[in-house]
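Presented below is the structure to which this report refers.
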């Protein structure tokens, strides 16, 4: 087994001339491991390769092997196993081929938040931002934004992962992005991903939507802008909304989403009010139904009491007198 590789990482302050002392962030170890000792990340948020893209990866691994190790951490539920942080697609392809062992890099001492940060950052290194679903983009941007707010330590973690991956030859298409200046803002996150600060802000709101509503965003049944407004709804109101949408064919445009948010702010948003807003009937006057509209006398009744020689005026006069007698007797 390879000896553990311990690295002392520099913070951004050190890299850009600050005075902070370098700190040891985590231990890493490279080794081969039996494939059955690996488990997928418990809350892996990204869609895996399928179809041609997966077949191409299988073919590449058959020809060249796995050139880039998987990044893993010790598995909390079973200390004999390891949880995959980066390399789920390579692991799937290796299992498809029937490989017994795969190369890994073990990272120790990670919090769950740091593990998720590695999952999101490495996924974006291996695929284009445009390839991600809207909810996946929102997750990546939210985690990177959190890393910027934490500054040094978490940005050091991103930098460490990039260095580890760059040390290995790699058969996947990986785009490495430079770590930016020490600035905590939506604009800085946007620069990392070539997005405007406003777009980043919108995606950060999308990340706070319920998982069910994110699916409506991913399918583009609800627009990003409407989703931003819906993200301000309470958890219960988001549940109500999903239930209504799943059982009806209502559409949620930006105007409707803004109305729902406003009604919640006024403490007027109940489930029934929400449905009336979606149906387009909220606050619209109800038209009074008049008994005089649409009443017709059936032809068999007319023939029973009148003949065809009588004029319409004569018929009206007879009906009027008959009704007068009827109500006099009441």
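The values are calculated or read from the model by the stated rules, or taken from the named source; none is laboratory data. Model, not experiment: these values are computed from the prediction. Please note: Cβ atoms are built from the backbone with ideal geometry, for glycine as well, and neighbour counts cover all protein chains shown.
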Within the stretch 66-110, work out how many residues are in a loop (DSSP other than H, G, I, E, B), surrounded by fewer than 16 Cβ atoms within 10 Å (Cβ to Cβ), touching a strand residue (DSSP E or B) at 6+ places or on another chain (Cβ under 9 Å) and modelled with pLDDT of 90 or more.
1
Cβ pairs under 7 Å, 6+ apart, first in the stretch 24-46 and assigned by TED's automatic domain parsing to the domain that holds residue 92 and over 19 Å from residue 113 (Cβ atoms), second at pLDDT below 80 and in a loop (DSSP other than H, G, I, E, B)
29/2; 29/4; 30/2; 31/1; 31/2
Taking only the stretch 214-230 into account, find how many residues are within 20 Å of residue 265 (Cα to Cα) and under 11 Å from the mean Cα position of the chain (by Cα).
1
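So which of 204, 209, 269, 260 is modelled with pLDDT of 95 or more and outside any loop (DSSP other than H, G, I, E, B)?
Details: 204 fails: modelled with pLDDT of 95 or more; 209 fails: outside any loop (DSSP other than H, G, I, E, B); 269 fails: outside any loop (DSSP other than H, G, I, E, B).
Going through 204, 209, 269, 260 in turn, the sole match is 260.
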Examine the stretch 111-123 for a residue that is at positive phi, part of a loop (DSSP other than H, G, I, E, B), assigned by TED's automatic domain parsing to the domain that holds residue 145 and at pLDDT below 90, and state whether such a residue exists.
no
